[in-house]
Amino acid sequence: MAATAWVVSDGAAGNERQALALAAALGLDPRIVRLRLRQPWDALAPRWTLAARSAIRDPTGLLAPPWPDLAIGCGRRAALLTRLLRPWSGGHTFTVQILDPRIDSAAFDVVVAPAHDAVRGANVIHSLGALNPVDDEWLAAGRAHFAAIGELPAPRCAVLVGASHRAQRLDRAWFDGLLAELARRHDATAGSFLVSTSRRTPPDLAARLRDAFARWPGRFWAGATDGENPYAGFLGWADTIVVSPDSVNMISEACATGKPVLAFAPQPIRGKLAAFHAALRERGHLHALGEPAEPATPLRETATIAAEIETRWREHARLHSLSR
């Protein structure tokens, strides 16, 4: 019988994407559980477990046996259910938590955490960036599905824009600086721009970007009104990728392409995000916009981490069967 799996998320797209990427690398077809928690459990997750069963909003009634063979959570709210599945299942469910759970890692079978989060424990697997599905096959599928993008003038520069982060503010001055740098780039190389904003990008700034990029060849996507999301096509067809400095997921996926990746951060980045940027720069995956940049070895960690998890999962299943 095929193994059963749950992906547990709080509905945040970036968290769910990491968990699904890991499930796919493990060859699993998971059921997605999007948590909604009552207060005060929502604020205190995953620390407070007293009466937590009643705190999880579950109108479907699906949070019941049979429990899955494996559960993958991402984010602190997801970590509440991920940690509870171990005792609820009598130790059957192998639990994997992605990102710092903010509690002792021993509450899970495996924790996958970025090195810049400084999570420690015998069961912790460190990554440099965020888990993601980007590989040669994924990029080829993106080019095939969005073949028309390949007809735009080369070199094609993908521009991926997020939103302000406590470690770097993306305000009007930031956008003015980005546009000035990209204008100089276009004057020197011509080509086209493939621009994608995120759900976090303020609408007024997205509209301003749309107006600014209308003077150059390319394609702009800011939501469903622009049609199907061409993100995979942008990464597949891009010759160079420019990223805002705020999103670990977005930067990790850009670096997974192996193409030159440039971040625009005119002000010093602070905190853990600064450590992440520094590690990528040290390994040649990331450069500052305006610096020379060459293709790099693709940053692809998901398959390797999945293989390590599968080894630990098989050993867990063996020991659990012996103890029954």
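The values are calculated or read from the model by the stated rules, or taken from the named source; none is laboratory data. Given the structure is predicted, the values throughout are model-derived calculations rather than measurements. Positions of Cβ are backbone-derived with ideal geometry, glycine not excepted, and every protein chain shown enters the neighbour counts.
For the stretch 22-41, state whether one or more residues are surrounded by fewer than 13 Cβ atoms within 10 Å (Cβ to Cβ), within 19 Å of D135 (Cβ to Cβ) and under 21 Å from the mean Cα position of the chain (by Cα).
yes
Across the stretch 285-304, what is the number of residues that are under 9 Å from K259 (Cα atoms) and of a type in the set (S, T, N, Q)?
Number of matching residues: 1.
Scanning the stretch 285-300 for residues that are out of contact with any Leu (no Cβ under 8 Å at 6 or more places or on another chain) and surrounded by 14 or more Cβ atoms within 10 Å (Cβ to Cβ), which turns out farthest from F108 (Cα to Cα)?
Across the stretch 285-300, the extreme among qualifying residues is A296.
Can you name every residue in the stretch 84-124 that is part of a loop (DSSP other than H, G, I, E, B), touching a residue at least 40 places away in the same chain (Cβ under 8 Å), over 16 Å from W313 (Cβ atoms) and among the charged types (D, E, K, R)?
If the condition is that a residue be part of a loop (DSSP other than H, G, I, E, B), touching a residue at least 40 places away in the same chain (Cβ under 8 Å), over 16 Å from W313 (Cβ atoms) and among the charged types (D, E, K, R), then R102 is the only one that fits.
If only one of A303, A279 is surrounded by fewer than 18 Cβ atoms within 10 Å (Cβ to Cβ), out of contact with any Cys (no Cβ under 8 Å at 6 or more places or on another chain) and under 22 Å from G27 (Cα atoms), which one is it?
Numbers: A279 fails: under 22 Å from G27 (Cα atoms).
The unique qualifying residue is A303.
Could you list all residues from the stretch 258-284 that are farther than 22 Å from I98 by Cα, within 17 Å of the chain's Cα centre (by Cα) and in contact (Cβ under 8 Å) with a residue 40 or more places away in the chain?
Within the stretch 258-284, G258 is the sole residue that qualifies.
Considering only residues that are crowded, with 24+ Cβ neighbours inside 10 Å and not aliphatic (A, V, I, L, M), which ones fall in the stretch 94-108?
Correct list: F94, T95, Q97, P101, F108.
For A154, are the conditions met, namely being outside any helix (DSSP H, G or I), assigned by TED's automatic domain parsing to the domain that holds A256 and of a type in the set (G, A, S)?
yes
Of the residues that sit in the stretch 164-199 and are in contact with a Leu (Cβ under 6 Å, 6 or more places away or on another chain) and over 21 Å from A238 (Cβ atoms), which one is surrounded by the fewest Cβ atoms within 10 Å (Cβ to Cβ)?
S164
Mind checking which residues of the stretch 218-269 are part of a strand (DSSP E or B), under 21 Å from E151 (Cβ atoms) and not β-branched (V, I, T)?
Across the stretch 218-269, the qualifying residues are G218, R219, F220, W221.
Being more than 19 Å from the chain's Cα centre (by Cα), in contact (Cβ under 8 Å) with a residue 60 or more places away in the chain, outside the structural domain of R17 (by TED's automatic domain parsing) and buried (at least 18 other Cβ atoms within 10 Å of the Cβ) is the requirement here; does F146 meet it?
So F146 passes the test.
Results for (1) modelled with pLDDT of 95 or more; (2) within 22 Å of N15 (Cα to Cα); (3) not assigned by TED's automatic domain parsing to the domain that holds A190, shown as yes or no for each residue.
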residue: W237; (1), (2), (3): yes, no, no
residue: A265; (1), (2), (3): no, no, no
residue: I269; (1), (2), (3): no, no, no
residue: A275; (1), (2), (3): no, yes, no
residue: E308; (1), (2), (3): yes, yes, yes
residue: H316; (1), (2), (3): no, no, yes
